[in-house]
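To keep things clear, I will list the structure first and then write my remarks on it.
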């Protein structure tokens with residue numbers, strides 16, 4: 001039996017070190033630490049994330065999966081619910097750092113199962129509501145900046161450097177695979193796909209941010 005920490009790293013506030021330190025302070029120790037870098041939690045299903053796939057392959061009955069909060073385990077309500085239930089079916093214990101919640105499939109009592117499932121549903125719904133509220137706040141802020149029409153709004157800061165961009169473009173020209181390019185450039189496969197689909201937009205973003 002092994003203990004896994006799974007982290008999703010998509011913003012400066014969600015660094016791997018921060019999530020790991022927070023978990024360790026809560027008393028958790030890990031045999032494996034798995035982190036998805038630069039993956040948007042609202043755009044990619046848990047099992048489709050690069051390291052999410054590896055986590056699904058590695059977890060076995062009796063293992064414990066530690067996450068900062070349930071929103072680490074899915075892009076929305078349905079994804080979080082499906083992921084937790086799949087892990088419980090496999091005999092994996094899911095624990096959260098925040099509030100020290102534990103979810104497993106050990107109980108066979110219908111009432112206890114109902115309470116457990118209701119709590120999972122409530123937490124997943126709360127996580128999605130928070131994401132949607134954040135998106136609306138960001139949208140409002142962007143619209144306010146656009147309304148100024150003074151060049152303040154530059155769009156989202158690129159998650160890649162100019163050197164990484166040039167590496168991607170160069171390797172795309174050599175017909176390298178997305179995985180090979182991601183490894184060579186040090187950026188995520190999703191970012192490579194975005195550059196591949198619209199290199200002009202990527203170049204413009206770099207120029208706007210002077211990267």
Along each of its three principal axes, how wide is the spread of alpha-carbon positions in region 3-124, in whole angstrom units, largest first? 42, 31, 25
Give the peptides 55-64, 173-182, 89-98 in descending order of average Cβ contacts within 10 Å, highest first. 89-98, 55-64, 173-182
Highest mean first, how do 116-128, 20-32 rank when packing is the count of other Cβ atoms within 10 Å averaged over residues? 116-128, 20-32
To two decimal places, what compactness ratio does region 162-208 give when its Cα radius of gyration is scaled by 2.2 N^0.38 Å? 1.01
How many nm separate the modelled label positions at residue 101 and residue 89, each set 7 Å beyond the Cα in the direction of the Cβ? 2.0
For residue 30, project a label point 7 Å along Cα to C-beta. Then give me every residue of region 57-87 with its amide nitrogen under 15 Å of that point. 58-59, 64-70, 72-73
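Every read-out reported here was derived from the displayed coordinates using simple, explicitly stated rules and does not represent laboratory data. Remember, predicted model here, so these are calculated numbers, not experimental data. Note that we place each Cβ from the backbone using ideal geometry, even for glycine, and neighbour counts take in every protein chain shown.
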